[in-house]
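Notes for the one structure printed next.
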Amino acid sequence: MAARQRRRGRWAVHVAAALLTSAVLAQVPGLAVGAGVEEAAETPVPMTPVPTAPMPTVPVLTAPMPTVPVPTAAAAPVVPPALSASPDPQPALGVYLHYSPLGVLRMAGISRWLDGRHLRVGRTYLPGDRWSNIEGAPGFLDAWANWRRERADRMLVLNVPMLERNEEGLSDAEVRGLLRRGAAGEFDPHYRRLAERLVDLGVPDTVLVLGWEMNGITYTHRCGPDPEAWKTYWNRIVTTMRSVPGQRFRFDFTPSRGRDAVPWTDCYPGDATVDIIGMDAYDQPQGLSFDGQVTEPYGLQTHVDFAKEHGKPISFPEWGLFRNGDNPEYMRRMLAWIDVHKPLYHSITDYCPHGVWQCGRNPKAAEVYRSVLSGRSEPVPVPSPVPTPRPAPTAPPHPECSPLDLGDWVEHWLGGRLCIRFDWWSRFR
């Protein structure tokens, strides 16, 4: 999703730093939430890169996958109750500031920048390099759990990878094999340990953004190589975590906006194991207007309609600026969209090029964000544009060649359709 600045192999260093910071926070009264820091000189580490130009996937013929039963606990899994209404009529506000305890410390600074606006959402990620970190390494989540427990109206949102080596560029064949192993139950113990750790930390109501941006090509936990295995595996993870006594987890199904590598609706695992339908939505590709982001296939309007059809609240775990630079119009329209459609929560990604507080490249958009969310002005409601169907051509536009239908996304990047001449074979005689 967002532009990658992190380098592989550095997770161990970051985790060690996080554990050390967490230990310091635990020993100094008040530091976990009240102190905060001004804008840090250190560049925040992004979590979720977006491919510059998504490429179409090539279908791979495989044998049908045998049906694998979803595990059942000795007792029926505890299904969490309906989401309770918040005393705040506005969506819960979060800002992604850093995945380590630094993210907790920085909340006070951005809250002051927003004229005292309270951040109700704390957002962080589990490292996806190895299973021990996906289980929630001891000490890694302590500062976040402390922050969540201090106020009843707060929400901890945790991105959870579905596979280790999550950013190592594994092939589709490798991913397919791993998804099938997960669907067969091989990785269940890792998620049971994570659930037990979250309950022990006193945050049994954590929102889990499981296998985010599964419709893309960035992550090992992507859906495209085997959607049926992916959905079965998702259901196993949710069933396993819900079987842990004391849990009240919410599971957030969050694709990236648009079609990407596969339609994200093809990856939806079912209403029984999804509590929230999210979307990671950045201002891209270059030149695409906000109206285009609304009406594109599997875009913002599809997100709203799909969630309504399934009776689920929506969320925006990640959103922000990107390919179109310092774009105040995008910022104004996205905040208006949020105001109209009332997601359960939303969280801008606050590092360059996406952010508004820790990134100095976007002063115009930052002023819009600050003005609206500090309460100094109200966003203008933006109705959803109604897409106009394209009229069918009465005659082939290229009589000397045959156009190829590569899909809207590829054609957008190419600037039009590819057309193969009828006499192409003559060039090879």
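The values are calculated or read from the model by the stated rules, or taken from the named source; none is laboratory data. All of these numbers come straight from a predicted model, not from anything done at the bench. Using ideal geometry, Cβ is built from the backbone for each residue, glycine included, and neighbour counts are taken over all protein chains shown. Please note that ligands, DNA and RNA were not included when accessible areas were found on the heavy atoms of the full protein model with its side chains. Shrake-Rupley method; radii C 1.70, N 1.55, O 1.52, S 1.80 Å.
Working only within the range 169-186, note down all residues that are open to solvent by 10 Å² or more (accessible area, probe 1.4 Å) and in contact with a Lys or Arg (Cβ under 7 Å, 6 or more places away or on another chain).
185
Sort out which residues of the range 139-159 are outside any loop (DSSP other than H, G, I, E, B) and touching a residue at least 60 places away in the same chain (Cβ under 8 Å), and write them in order of number.
Within the range 139-159, 142, 143, 146, 147, 155, 157, 159 qualify.
May I ask you to verify whether residue 219 is in a loop (DSSP other than H, G, I, E, B) and of a type in the set (Ser, Thr, Tyr)?
It is true that residue 219 is in a loop (DSSP other than H, G, I, E, B) and of a type in the set (Ser, Thr, Tyr).
I'm trying to understand the selection: among the residues of the range 93-135, which are of a type in the set (Ser, Thr, Tyr) and touching a Gly at 6+ places or on another chain (Cβ under 7 Å)?
Listed by number, the list holds a single entry, 124.
Condition first: open to solvent by less than 10 Å² (accessible area, probe 1.4 Å), of a type outside the set (Ser, Thr, Tyr) and assigned to a strand (DSSP E or B). Can you find one or more residues in the range 195-206 that meet it?
So far as the range 195-206 goes, no, none of its residues is open to solvent by less than 10 Å² (accessible area, probe 1.4 Å), of a type outside the set (Ser, Thr, Tyr) and assigned to a strand (DSSP E or B).
Across the range 249-266, what is the number of residues that are surrounded by fewer than 22 Cβ atoms within 10 Å (Cβ to Cβ) and among the hydroxyl-bearing types (Ser, Thr, Tyr)?
1
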